[in-house]
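Inspection log for the structure reproduced underneath, given as structure tokens.
The values are calculated or read from the model by the stated rules, or taken from the named source; none is laboratory data. From a predicted model like this one, the values you see are computed outputs, not experimental measurements. Neighbour counts run over all protein chains shown; Cβ positions are idealised from the backbone, glycine included. These accessible areas exclude ligands, DNA and RNA; they are computed on the full protein's heavy atoms, side chains included. Shrake-Rupley method; radii C 1.70, N 1.55, O 1.52, S 1.80 Å.
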Amino acid sequence: MESILLFVVVLLLLVLGVPIAVALGLSSLTIILAFSNDSLASIALKLFEAMEHYTLLAIPFFILSSTFLSTGGVAQRIIRFSIACVGSFRGGLAMAGVFACMMFAALCGSSPATVVAIGSIVIAGMRQVGYSRDFAAGVICNAGTLGILIPPSIVMVVYAAATDVSVGRMFLAGVIPGALAGVMLMIGIYVAAVRRGLPAQPWQGFREIFASALDAGWGLFLIVIILGGIYGGIFTPTEAAAVAAVYAFLIAVFIYRDLGPLKGVPWRAEGEGAGGAALRNTLAIAKGFFPGCVHADTRKVLVEAARVTLMLMFIIANALLFAHVLTSERIPQVITETFIQAGLEPWMFLVVVNLLLLLGGQFMEPSGLLLIVAPVVFPIAIQLGIDPIHLGIIMVVNMEIGMITPPVGLNLFVTSGITGMSVLQVVRAALPWLGILFVFLIIVTYVPWVSTYLPNTLMGPEIVR
Amino acid sequence: MQRAGEVVNRIEEGAISFFFAVMVLTTFVQVVLRYVFNTGFVWALELTTYCFAWMVLIGISWGVKINTHLGVDAFVRLFPGKAQRALVLFGCLCCIAYAGILLAGAWEYISKIYRIGIPTEDLYVPRVVVELFAGGEPDRPVPIPRWIPYAALPIGLALLLFRFCQAFWLIYTGERKTLIAGHEVEELAEEAQHRLVPDEPRPGDLR
């Protein structure tokens, strides 16, 4: 009874255009005040406790590092490298776009950010060599969703926090599915390219691959820091995120010099000797170090990252309150019992999960949705013997699809923003590629090996408590 | 009036960036200390979480001001001008109720821990400050009372209540249209649009 009321109130508030966070919080408040003895003080405290969650502390740091990396230079170098690698195939530029999205996804944990960083450069490039606007936009819009599947990923951090599985395991589990999705998209592009006679870029030779890899290396080294650091046992995911943020700052301001006091200062001026250049750069960095830390550009990045963080955390804190109401009303237990008694097979259960998430993903922001659905679905999955990591990956892939389906598809909005197309046009452009992602979802759902192989091999089998 | 708004904005952004920067640097320094100097601060983690709480709780009200909180506006947009405004105003009232109830709860909590005098776990008043104010050498470290970091809760919620009331007024007078951003990237997308080269389908395009 209370549970039905809870969901009705939340849906009503959402539809009426109340902010998602307030809709979740206010509906929980109503139920608590009406049906339970919890004091108001303890509810207010719940809001504070979200920020004391050690795992969630990784979120602001990951957001900060991807904001520094989204300033342009890193994306440009990654794109150059991927064109050198796969550009010479038929439809090569589109494939390079997908490849670049995969690499950028390995640096940052958000899908829309990936679309903006890669798409704003690649789509223009594809137009120049004669791809249609729809083709370019559709490909990038879909490939950008890999941002939350390839580690690091903010959605995975949220899932780990909600279900107490290890963040490191989740990250590792995303690697094979991420690569698989990327390859599937590239194969799709290749088939389309052969049929339509899309152009290929000239092969630039191994020298260019090597040179561009070296150039992009500073940025790509972040992957080594994050994943190597976590799996080498050097630091916790939260610490890894903080180190990544500081590293990204140093890269953006002093190495690639996209922003800050050294903007536009070349590493090697024309006709300058190696020694002279080394000396000049050392001096410039030493002189620019402190100004770089407090420069207007740096502050702007900090404020922007803070904006995204607090927007997310406001939703997360209230979703945690909502989840608290769900559990204290014993709703997950009731649903679990019903499911078990109905004699449901695991595969049927997974279909239900997929449908639920696909539907919810139309209206909710991924992290908030995850926090609400996870406490309900997780205990059932454990009862049915489904691996929690596998379940996590299924959920993330569902969120990916939610990002390219209207009405609340973040990737659609950004793609529409960077191409100047209407959202409806983007939906139509993204549709053919959405089919590939659906096939991918089915593979991920029914072949658990894809998600569990890497974490189980590298970190030992998961122990379910 | 314009000047005052500018100053308030700077204070808000400044406070938020300050807490953010402290978080990042404390965590980073902690890692460096552990590996390079084989030591660390006991208080680092607690300080970081409190900074996080302050940043978010103060920031939420700023987020209302700059219209960054997510919501679903598809349904509300179906209505014509007047009805739409009425719906948005109703949404504002819900928000005001939310902030008001939680503020009452936060106040109750803070006054309780203030009365009981619970200290924080690992945070102590720096020696220098104790010597300055208490005079002489303190015989044992003075813990910081817990209500100080937790004050973020009532302060943040009071600011939030204020911003929601302000939004209600602005929407009522017609100076502001919505309470929510349709999606998290509205601004990002707009910015990208400025960089855009006009792009029309060309006759020579490959399909």
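Structure summary
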{"item": "Selected residue (only one of A:Ile148, A:Ile154, A:Ile140 is within 14 Å of chain B (Cβ to nearest Cβ), open to solvent by less than 10 Å² (accessible area, probe 1.4 Å), under 18 Å from A:Leu410 (Cβ atoms) and under 13 Å from the mean Cα position of the chain (by Cα))", "result": "A:Ile148"}
{"item": "Members of region A:212-227 that are open to solvent by less than 50 Å² (accessible area, probe 1.4 Å) and without any contact (Cβ under 8 Å) to a residue 24 or more places away in the chain", "result": "A:Gly217, A:Ile225"}
{"item": "From B:Gly117, B:Gly136, B:Gly156, B:Gly182, residue being open to solvent by less than 70 Å² (accessible area, probe 1.4 Å), modelled with pLDDT of 90 or more and not polar (S, T, N, Q)", "result": "B:Gly156"}
{"item": "Tally, over region A:1-33, of residues that are closer than 22 Å to B:Leu161 by Cβ and either under 27 Å from the mean Cα position of the chain (by Cα) or among the aliphatic types (A, V, I, L, M) (or both)", "result": "19"}
{"item": "Conditions (1) in contact with an Asp or Glu (Cβ under 9 Å, 6 or more places away or on another chain); (2) within 17 Å of B:Ile60 (Cβ to Cβ): number failed by A:Ala41", "result": "(2)"}
{"item": "Options A:Ile382, A:Ile386: the member that is assigned to a loop (DSSP other than H, G, I, E, B), under 21 Å from A:Tyr453 (Cβ atoms) and either among the charged types (D, E, K, R) or open to solvent by 10 Å² or more (accessible area, probe 1.4 Å) (or both)", "result": "A:Ile386"}
{"item": "Region A:68-121, residues that are open to solvent by less than 10 Å² (accessible area, probe 1.4 Å), within 22 Å of A:Val194 (Cβ to Cβ) and assigned to a helix (DSSP H, G or I)", "result": "A:Ser82, A:Ala84, A:Gly92, A:Ala94, A:Ala96, A:Gly97, A:Val98, A:Ala100, A:Cys101"}
{"item": "Filter result for the condition that a residue is within 14 Å of another protein chain (Cβ to nearest Cβ) and closer than 30 Å to A:Val243 by Cβ, over A:Ala94, A:Ala21, A:Ala44, A:Ala106", "result": "A:Ala21"}
{"item": "Unique residue being in contact (Cβ under 8 Å) with a residue 60 or more places away in the chain and within 14 Å of chain B (Cβ to nearest Cβ) when the list is A:Tyr231, A:Tyr247, A:Tyr256", "result": "A:Tyr247"}
{"item": "Residue count, region A:36-67 (criterion: in contact with a Lys or Arg (Cβ under 9 Å, 6 or more places away or on another chain) and surrounded by 24 or more Cβ atoms within 10 Å (Cβ to Cβ))", "result": "0"}
{"item": "Among (1) surrounded by fewer than 24 Cβ atoms within 10 Å (Cβ to Cβ); (2) within 16 Å of A:Leu370 (Cβ to Cβ); (3) among the small types (Gly, Ala, Ser) - the single one A:Ser166 does not satisfy", "result": "(2)"}
{"item": "Leading residue by the ranking (surrounded by the most Cβ atoms within 10 Å (Cβ to Cβ)) among those in region A:274-333 that are outside any helix (DSSP H, G or I) and away from chain B (no Cβ under 14 Å)", "result": "A:Glu329"}
{"item": "Residue within region A:412-427 that is open to solvent by 10 Å² or more (accessible area, probe 1.4 Å), under 20 Å from the mean Cα position of the chain (by Cα), hydroxyl-bearing (Ser, Thr, Tyr) and more than 13 Å from chain B (Cβ to nearest Cβ) present", "result": "no"}
{"item": "Unmet requirement for B:Asp73, which otherwise passes all of (1) surrounded by 19 or more Cβ atoms within 10 Å (Cβ to Cβ); (2) in a helix (DSSP H, G or I)", "result": "(2)"}
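Conditions (1) over 14 Å from A:Gly288 (Cα atoms); (2) open to solvent by 50 Å² or more (accessible area, probe 1.4 Å), marked per residue:
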{"residue": "A:Gly229", "(1), (2)": "yes, no"}
{"residue": "A:Ile234", "(1), (2)": "yes, yes"}
{"residue": "A:Thr238", "(1), (2)": "yes, no"}
{"residue": "A:Val243", "(1), (2)": "yes, no"}
{"residue": "A:Val253", "(1), (2)": "no, no"}
{"residue": "A:Arg268", "(1), (2)": "yes, yes"}
{"residue": "A:Gly271", "(1), (2)": "yes, yes"}
